[in-house]
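One structure is given here, and the rest of the page talks about it.
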Number of protein chains: 2
Amino acid sequence: LAENFADRLLAEMREKKSVVCVGLDVVYDKLPEAIRTDPDLNDPADTQVAMDAALEFCSRVLKVVAPHVAAVKINSAFFENHYWDGVEAYYSLVQDAQSRKLPVIGDVKRGDVETSAAAYAAAHLADPTFENLQEGAAPDAVTVNPYFGADGVRPFLDVAAKQGKGVFILVRTSNESAREIQDFADASGKPLWRHVGERAASWAQGAGLVGKSGYSSVGAVVGATYADDLRVLRSVMPKSILLVPGYGSQGGTAADCAAAFVDGKGALVSASRSIVYAFNDPAYNTRFDSWEKCVEQAAIDMKNDLNKALGA
Amino acid sequence: LAENFADRLLAEMREKKSVVCVGLDVVYDKLPEAIRTDPDLNDPADTQVAMDAALEFCSRVLKVVAPHVAAVKINSAFFENHYWDGVEAYYSLVQDAQSRKLPVIGDVKRGDVETSAAAYAAAHLADPTFENLQEGAAPDAVTVNPYFGADGVRPFLDVAAKQGKGVFILVRTSNESAREIQDFADASGKPLWRHVGERAASWAQGAGLVGKSGYSSVGAVVGATYADDLRVLRSVMPKSILLVPGYGSQGGTAADCAAAFVDGKGALVSASRSIVYAFNDPAYNTRFDSWEKCVEQAAIDMKNDLNKALGA
């Protein structure tokens with residue numbers, strides 16, 4: 001039987017002494033000049049060239065951050081907008097990260113009725129079974145939208161239980177207008193995000209999902225931008241690892257994120273732009289000549305910032 | 001300026017005298033024997049061969065149903081599970097349907113925070129801009145998950161307004177466990193699905209979205225399996241074209257679907273398996289030798305069944 005995803009992820013956090021998840025959101029115009037001006041990579045209007053540039057960039061980012069982060073989150077949107085070449089690059093990048101022993105979260109935010117959800121689970125979470133696929137690998141976990149309820153989530157949980165994979169349910173998203181839908185509240189004042197959290201907590205206790213660590217392979221996405229809600233959800237979902245976006249560029253602080261942890265465990269804090277584009281930030285590019293050094297230092301700073309807040 | 005999507009879709013329904021949308025959900029094992037045993041197409045373990053078979057099947061389905069349906073819905077999940085070859089086939093199929101003058105709804109159910117949603121809108125709704133793309137086209141409309149609220153929906157609305165495209169917000173999905181999330185109700189008894197319907201109705205009135213017909217390019221997905229809710233949502237979203245799944249295999253009847261219409265207009269009823277796999281149904285395969293004839297007759301029967309219910 002495959003090792004439980006939550007156990008694997010917690011072991012990685014322990015070994016790296018890091019609760020950081022680096023998010024790879026690739027936008028060509030933001031890539032380092034050295035890559036954008038490479039004669040082989042300087043044509044963003046060609047899907048293949050743009051993705052070659054993205055892979056070159058991400059591979060070099062992974063190399064420098066690998067010792068300092070516990071996981072990688074890859075946002076599928078920034079590959080899908082390069083059509084099938086983008087999708088091929090996405091799976092290739094998953095494989096690259098896994099070859100560096102980094103657990104990969106496919107940030108695909110899929111959700112559908114059961115039959116279609118099963119097809120999405122096969123595409124994005126299960127190990128590939130096609131005989132002609134020589135390259136590309138499936139992520140270790142995916143993000144899933146809860147709007148369809150249990151039957152839309154079940155196919156993902158089935159793969160998670162059978163193949164040692166993970167699922168992160170979108171519970172409280174980090175964006176401003178999350179309130180418009182997720183704050184909709186019942187007669188007792190309970191908001192939708194809490195109702196979804198309670199459902200996710202119940203899904204997390206399904207057969208084959210809770211590991212030796214006591215944590216489940218079913219986690220939840222909860223934005224650092226709603227720190228009070230994060231505190232509530234931590235107690236609503238005691239067995240779930242919380243994936244916390246919103247640190248850095250979106251305004252969440254290490255102190256905000258600390259509410260996601262119990263005894264320094266049980267959450268993973270994700271940042272994308274503030275790490276991978278640190279070379280565009282004067283706080284780094286005035287100190288280091290190499291763009292990789294900026295990225296590495298940003299990852300180290302985030303790790304230390306969070307560890308300090310958790311130690312306190 | 002591109003013609004408004006709602007106006008285009010309503011014109012197509014008027015011309016075809018049909019409110020039917022055929023859904024293409026491709027599962028290799030269900031394909032006609034003639035395709036599965038074709039020496040060039042009989043290897044479902046190869047992504048390329050499986051997708052060649054899917055395209056051959058879908059193309060022949062489109063040819064026979066085109067005179068009888070007003071639109072085509074293509075479910076991305078059944079292509080994504082064939083990785084990048086599947087995604088290439090998906091865009092190729094979109095182009096095939098459009099070459100037959102059929103409006104295409106990309107059933108992708110995406111939803112994310114604004115930056116990522118913009119990348120998804122570029123991938124799945126906007127016309128491609130990459131110079132190397134010689135084939136493949138973007139759908140005329142997409143389905144969008146509302147969980148992130150307005151800022152996650154806005155990038156899709158922007159493309160819709162600028163390029164004459166459409167958006168269908170998931171409001172009341174057709175599956176059983178939709179109740180688990182969407183029936184969550186406020187102090188006045190108003191359920192989430194109605195709250196989302198109200199938000200969608202407001203999004204539908206955005207700049208550049210309402211056409212000469214009075215209908216908006218922002219429609220909504222409302223399952224025929226919840227006929228009472230369909231009636232409520234029809235009045236909550238007066239300017240929205242309702243995309244109604246759940247007819248046929250999922251149990252919705254023509255009488256259920258009739259609640260989605262006002263004066264015979266304003267909705268599109270979608271069916272997938274009951275049409276495209278009609279050749280596996282004794283009601284058809286005992287009457288016709290050719291699988292295409294079964295599919296064609298199922299489309300005609302659905303069209304007539306709905307027209308009769310709407311005329312009544």
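Quick look at the numbers
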read-out	value
For segment A:17-93, with +1 on Lys and Arg beta carbons and -1 on Asp and Glu, the positive-most of A:V61, A:P32, A:V19 along the dipole	A:V19
Label point 7 Å beyond Cα along the C-beta direction, distances from B:N42 to other copies (nm, shortest first)	5.4
Label geometry 7 Å along the beta-carbon vector: B:D263 inter-copy distances in nm	6.8
Segment B:133-191 and segment B:231-296: distance between their alpha carbon centers, rounded to Å	20 Å
Protein accessible surface hidden between A and B, which excludes ligands and nucleic acids, total in Å², probe 1.4 Å	6000 Å²
Built amide H within the under 5 Å cut-off of B:G23, gap 5+	B:K73, B:A271, B:S272
Extended-chain gain in nm, criterion 0.36 nm per residue less alpha-carbon gap, A:D29 and A:A2	5.7 nm
Segment B:188-312 - accessible surface per residue (Å², probe 1.4 Å)	40 Å²
All-pairs Cα distance distribution in segment B:171-230, expressed in whole percent, bin size 5 Å	4, 18, 24, 21, 16, 10, 6, 1
Accessible carbon and sulfur surface of segment A:116-259 relative to its total accessible area, %, 1.4 Å	48 percent
A:T253 accessible area, 1.4 Å probe, all protein chains in place, Å² to nearest 10	60 Å²
More than 44 angstrom apart: percent of Cα pairs within the protein assembly as shown	17 percent
Average accessible area per residue (Å²) across segment A:1-125 - probe 1.4 Å, nucleic acids and ligands excluded	33 Å²
Farthest positive-ward along chain A dipole, Cα basis, beta-carbon charges - from A:A258, A:Y83, A:N175	A:A258
Two-site FRET efficiency, A:Q134 against A:R100, from Cβ-Cβ distance with R₀ of 25 Å, rounded to 0.05	0.80
Inter-copy label distances at A:K63 (7 Å, Cα→Cβ; nm, one decimal)	5.2
Spacing of the two label points (7 Å from each Cα toward its C-beta) at B:E198 and A:D38, in nm	5.3 nm
Which listed pairs, of A:K16/A:K63; A:K63/A:K162; B:K16/B:K101, have C-alpha distances above 23 Å, in listed order	A:K63/A:K162
Cα-based shape type of segment A:154-312, given that a ≥ b ≥ c are square roots of the gyration tensor eigenvalues and the cut on a/c is 1.5	prolate
Calculated from backbone phi, Karplus (6.51, -1.76, 1.60) coupling profile of segment B:164-180 in Hz, x at Gly/Pro	x, 9, x, 9, 10, 7, 5, 10, 10, 7, 7, 7, 4, 7, 3, 4, 4
Eligible aspartates and glutamates near B:K190 by straight Cα distance, threshold 18 Å, same-chain separation 8 or greater	A:E180, A:D183, A:D186, B:E180, B:E198, B:D228, B:D229
Size of chain B as Cα extents on the principal axes (Å, biggest first)	59, 50, 38
Accessible surface of A:E114 - all protein chains present, 1.4 Å probe, nearest 10 Å²	80 Å²
CD proxy at 222 nm, helix term only [per DSSP H run n ≥ 4: -39500 (n - 2.57); per residue of the protein assembly as shown; nearest 500]	-13500 deg cm²/dmol
Area accessible to solvent at B:K17, 1.4 Å probe radius, in Å²	150 Å²
Cα gyration tensor shape for segment A:39-142, rounded if a/c is under 1.5, else prolate or oblate	oblate
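The values are calculated or read from the model by the stated rules, or taken from the named source; none is laboratory data. None of the values given here were measured: they were computed from a predicted structure. For neighbour counting, all protein chains shown are included, and Cβ atoms are generated from backbone atoms with ideal geometry for every residue, glycine included. For accessibility, only protein heavy atoms count, side chains too; no ligands or nucleic acids. Shrake-Rupley method; radii C 1.70, N 1.55, O 1.52, S 1.80 Å.
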